[in-house]
Amino acid sequence: MSVVVNLKDAAPGFVAGAEVAYSDDPRDTGWVAKNIPCQHACPAGTNIPAYIRAIAEGRHGDAYEINREANVLPGVLGRICSRPCESACRHGWPGNGEPVGICNLKRSAADMKHASHRITEKLFAPTGKRVAIVGAGPAGVAAAHDLSVLGHDVTLFERESHPGGMLRYGIPAFRLPRDILEVELHNALRLGVELKLGAGVGQRTDMPVARLLQDYDAVLLTAGCMAPLPLPLDGEWQNRDPADVCPDIEHGLPFLMALHRDEKKTVRKRVAVVGAGFTALDCARVASRLGAQEVIIHIRTGEEYIPVTKEEIFEAKREGIRIRGLRTPVGIELDADGRLTGVRFVQNRLGGWREGGRRQAIPIPGSEFVEPCDTLLIAIGQKTVNDFLDIPVELDRWQNVRIGEDGMTSVKGLFAAGDYVTGPTTVIEAIGRGRQGAAHVDTWLMGHPRRRKVVRIMPVAGPLRERAFDFIGRQEMPTEPPNERIRSRTQEVETGLSPETSHEEAKRCYLCNLNYQIDVDRCIYCRACIEVAPRACIKLVEGVDMETDGSYGKLREAKEWNRVGAIWIDNNECIRCGACFKVCPVKCISITRNEFVEVDQP
């Protein structure tokens, strides 16, 4: 189905007065899903090419709003996102250079929007429905935002004294300044969300889940994944948590949470951190700022397999933190007074690949050794905790709450979302799943989906980028000098791109949402487009395969002229330079901007 409307006030680069189509045709939805790899990789579905183009045009406020439509907290994510979009960026494919600095540009949009910028959101009429959300972390905040926009009365319960969850209590201020977090949380919750702080839910509280189900039309659990995993050790330490025995050993996440509750935390001179995620790196960098003389992160495999951004690893090393791989802890060494003197490790070798893309770590018999240290921070992951529930809920084999395709648990009216369901993920994944949970709740309350995703197709007057943009190098994020930053736990390390470098970085984007198409009925097969193309992006084809879902599949290239059915643009190779558009003598090449948008469902 395709709906056509008239475009009265065209944005820069678009054709004023032209027709804009909204389509759910599989050929259009399939094209957007396959040909915008950064957006497809984003768990929140952020329209990345659109906001980067807005930055290139100096429209930072528009770029910020495009982000908020999808990821709710752009100023936060522009600093701490795990950047799955950059790993997928077509500009980073072999031969194309470095990926575009998508995350840094998200921050630029938030930092450089005008001081008088006003947030505008399309609000639904009040529904009279009441929804309770348990947990004010990123998933809960995103869900609360969406449900309030949809017209529901939302109450958000949070056991801590401030909202934010892991954003506030798990991430250090030198990565995420608290004033930025406060503004972004306010923007997300400002539409009438009732925030109850210091309000635990479940057993041993004044607000059991059973009562919430009585008082509210729906309840959404977004309690996060906060319980640290124990360190599996051998021998006398098997089935014992060394953090319960030795004062010099702590779990990483509780260590950070206590610090961010303004409790006094100290470390000794030689700090060992066990773990390979963001929490491990944050613990190491915090320990350095607390005065440790030596900080070493110990990991089971190799540094190249650490599931954090390379920028985080680089900055940690600049601060004097070392990373030592291929080792697994198997024991703890204590002195006569019960104080830590070292960690006993076994040497590993790399094995095959595990599920999820990580390498196996295989212990080498007889390779045990002791690494001296006097403080140990354990950051090997977290798990969900369900002992607060006062009603029976079906769990999966990982002891996470099981939900159906409708997002509901085994209890009618009780939904769950975010890390509380999946186990530990990233902030952007939690936000994406929180928004999905909100959509499930709204659909159940109203009896049908009230928003649906379609493709908006907007005609573009001409090419929006130049071939010369391909040769602009990636603009790296400037940072504070290491010897100055480590003196403070609150001084932000990354200082932000300047307006000039943001503009240069934005020009690098291939604008993969631009669809160059050749009208086969007007094409005269002169081959001018093929000859001018800077790479093999325009091909002679005898046909195009169709997928079972109705979308376009592989191109079937023609080897002989008598088998040519059309000249076709291969979007995997197209860099949107516009050379073909400019050279075509019969103007049979058109450009449209194709992008997912949400529209109201009657």
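Looking at ASP337, ASP374 in this structure, which one is free of Cβ contacts under 8 Å to residues at least 12 places away in the same chain and at negative phi? Quick ask: steps written out before the conclusion?
Working: ASP374 fails: free of Cβ contacts under 8 Å to residues at least 12 places away in the same chain.
ASP337 is the lone residue from the list that is free of Cβ contacts under 8 Å to residues at least 12 places away in the same chain and at negative phi.
Can you spot a residue in the stretch 158-165 that is under 19 Å from the mean Cα position of the chain (by Cα) and either surrounded by fewer than 23 Cβ atoms within 10 Å (Cβ to Cβ) or at pLDDT 95 or above (or both)?
yes
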Condition met for PHE345 (buried (at least 21 other Cβ atoms within 10 Å of the Cβ), of a type in the set (Phe, Trp, Tyr) and either modelled with pLDDT of 95 or more or under 27 Å from HIS260 (Cβ atoms) (or both)): yes
Odd one out for ASP545, checked against (1) in contact with a strand residue (DSSP E or B) (Cβ under 9 Å, 6 or more places away or on another chain); (2) modelled with pLDDT under 95; (3) surrounded by 13 or more Cβ atoms within 10 Å (Cβ to Cβ): (3)
Residue ranges of strands (runs of 3 or more DSSP E) in the stretch 460-557 with at least 3 members among the hydrophobic types (A, V, I, L, M, F, W, C) and more than 18 Å from CYS89 (Cα to Cα): 538-546
Neighbours by Cβ (under 6 Å, 6+ apart or cross-chain): first from the stretch 414-425, in the same structural domain as VAL209 (by TED's automatic domain parsing) and closer than 15 Å to ILE391 by Cβ; second among the acidic types (Asp, Glu) and surrounded by fewer than 24 Cβ atoms within 10 Å (Cβ to Cβ): none
In the stretch 360-388, the residues that are surrounded by fewer than 21 Cβ atoms within 10 Å (Cβ to Cβ) and among the hydroxyl-bearing types (Ser, Thr, Tyr): SER367
Restricting the stretch 558-571 to residues that are free of Cβ contacts under 8 Å to residues at least 60 places away in the same chain and farther than 19 Å from ASP521 by Cα, the residue that is nearest to the chain's Cα centre (by Cα): LYS559
From ILE102, ILE133, residue being crowded, with 24+ Cβ neighbours inside 10 Å, at pLDDT 95 or above and under 15 Å from the mean Cα position of the chain (by Cα): ILE102
Members of the stretch 548-571 found to be in contact with a helix residue (DSSP H, G or I) (Cβ under 8 Å, 6 or more places away or on another chain) and surrounded by fewer than 16 Cβ atoms within 10 Å (Cβ to Cβ), listed by number: ASP549, GLY550
Among residues of the stretch 137-176, those that are part of a loop (DSSP other than H, G, I, E, B) and among the basic types (Lys, Arg), counted: 2
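Given the criteria part of a strand (DSSP E or B) and among the acidic types (Asp, Glu), does GLU598 qualify? It would help to see each step written out before you state the result.
Numbers: part of a strand (DSSP E or B): yes; among the acidic types (Asp, Glu): yes.
Answer is yes for this residue.
For (1) closer than 28 Å to ASP387 by Cα; (2) hydroxyl-bearing (Ser, Thr, Tyr), each residue gets a yes or a no:
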position: LEU229; (1), (2): yes, no
position: GLY235; (1), (2): no, no
position: THR279; (1), (2): yes, yes
position: SER288; (1), (2): no, yes
position: PRO307; (1), (2): no, no
position: GLY320; (1), (2): no, no
position: GLY325; (1), (2): no, no
Which numbered condition ASN35 fails, given (1) farther than 23 Å from GLY164 by Cβ; (2) polar (S, T, N, Q); (3) crowded, with 22+ Cβ neighbours inside 10 Å: (3)
Flag if CYS577 is within 22 Å of PRO459 (Cα to Cα) and either crowded, with 19+ Cβ neighbours inside 10 Å or of a type outside the set (D, E, K, R) (or both): yes
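The values are calculated or read from the model by the stated rules, or taken from the named source; none is laboratory data. Just so it is clear, the model here is predicted, and its values are computed rather than measured. Positions of Cβ are generated from backbone atoms using ideal geometry, with glycine treated the same way; all protein chains shown enter the neighbour counts.
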